[in-house]
Amino acid sequence: MRSNEITFMSLILNIETATDICSIGVGKNGRLLAKTESDKPYEHASRITLLIEACCRQAGVTLPELDAIAVSSGPGSYTSLRVGASVAKGICYTLDKPLIAVSTLRSLAIASHLDSGDGSFLYCPMIDARRMEVYAAVYNQHGEEIESPEARLIDEASFQEYLELGKTMVFSGNGAAKCRPVIQSDRAIFRDELHCDADHLAPLAEEAYRNGDFENVAYFTPFYLKPPNITKPKRVL
């Protein structure tokens, strides 16, 4: 049984792999001590363990000293989420650490609220999918779901039920940029520079740790939302 002192001085490894960038952070009490990120897209499989090693070295901690491992649970890229979950589960198994799952979209929504500082806004984080499709949800300023995560095809009518009622909406994430020309409203604010980042996981991972909200390491799977887009290679004649 951990003492109260240890319980409230947590060290958590945060693994964010939901999109094209692999972002790793070591958090202490909900704030990052260090962060490392891939400098090229979709290098998760080849770089994630190196990034974790470098991040722990920068933070001055070792893996055995960590109290928990947190991973972005999706939705997002199927392959990228699998890599993050596999590595997180491997560390948890090896070192007997608890596993924390953090909603990718909720973490973005809360980061958007902290960025805007306005309690009256609605927050719609977007993860880029194919063509004009995004993984999106709608949250209030407390991070509570107004609309559950879903795959949405974006057109001129998207989210007009909120905008026409006078609600200001903040759109963030790597799916927001392509929606900017389509969602036309003075009440639509785009923060597409706010992308998935280990920094956004840290406070939610800390909250989950203090509440003892852990995943079953054996059975945890990311929230893919949709199956992978598997294409067959063209037959060469």
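Taken together, the values in this text are just the output of simple stated rules run on the coordinates, not laboratory data. Only a predicted model underlies this, so the values are computations on that prediction, with no experimental measurement involved. Because the Cβ atoms are built from the backbone with ideal geometry, glycine has one as well, and the counts that use them run over all protein chains shown.
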Among all residue pairs at least 6 apart or on different chains, which show Cβ distances below 7 Å where the first residue, located in the range 79-101, is free of Cβ contacts under 8 Å to residues at least 60 places away in the same chain and the second is among the aliphatic types (A, V, I, L, M)?
95/63; 97/66; 97/68; 97/69; 97/91
Selection from the range 103-116 of residues that are in contact (Cβ under 8 Å) with a residue 24 or more places away in the chain and surrounded by fewer than 23 Cβ atoms within 10 Å (Cβ to Cβ):
106, 110, 113, 115, 116
Might you check whether a residue that is of a type in the set (Lys, Arg), without any contact (Cβ under 8 Å) to a residue 12 or more places away in the chain and not in a helix (DSSP H, G or I) occurs anywhere in the range 35-58?
yes
Hey, does the range 63-72 have a residue that's assigned to a helix (DSSP H, G or I) and in contact with a His (Cβ under 8 Å, 6 or more places away or on another chain)?
no
